[in-house]
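Step one of this worksheet: look at the structure below.
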Amino acid sequence: MLTLEGGAESGKEKIVHTGHEFVMCLRGSLEYEVEGKFYTLHDGYCLLFAARLAHRWRNPGTTVANALIVLSGFEEYEKPGIFHYPPGE
């Protein structure tokens, strides 16, 4: 479960790792960029993609957003979870 303040983002660098990523927006809105294509997720919207595709996210709104993020099939040494939190958390 990820709680994102308004304007929070994963950073300027795109994230790449093995496995798959499933994201469900529970509250607010999220914008995911995957291989240069943008997806806007609102309450209840989901996105599933191969995590080898360069991606990043942001909360484009001014209010808090909550999301469920499931990472699967990645190599243990990669620890992709640490790259999916806002910087400083």
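Read-outs throughout are calculated quantities, based only on the coordinates presented, and are distinct from any laboratory measurement. Please read these numbers as outputs of a predicted model, since none were measured by experiment. Reconstructed Cβ throughout: ideal geometry from the backbone, glycine too, with neighbour counts over all protein chains shown.
Kirkwood hydrodynamic radius (Cα pairs, Å) of the range 28-68? Don't skip to the end; give the middle numbers.
Working: mean 1/r = 0.0934 Å⁻¹.
It is 10.7 Å.
Can you sort His42, His20, His55 from fewest to most other Cβ atoms within 10 Å of each residue's own Cβ?
Fewest-to-most Cβ neighbours within 10 Å comes out as His42, His20, His55.
Pop the C-beta distance of Glu5 and Arg52 into the FRET formula with R0 = 22 Å and round what comes out to the nearest 0.05.
After rounding to 0.05, the efficiency reads 0.15.
Can you run the Rg to Rh ratio on the range 1-82? Use alpha carbon positions and the Kirkwood inverse-distance Rh.
Ratio of gyration radius to Kirkwood radius: 0.94.
Mind listing which trypsin sites (Lys or Arg not before Pro) in the range 24-70 are in a DSSP loop and have 14 or fewer other Cβ atoms within 10 Å?
Loop-located and lightly packed - Arg52.
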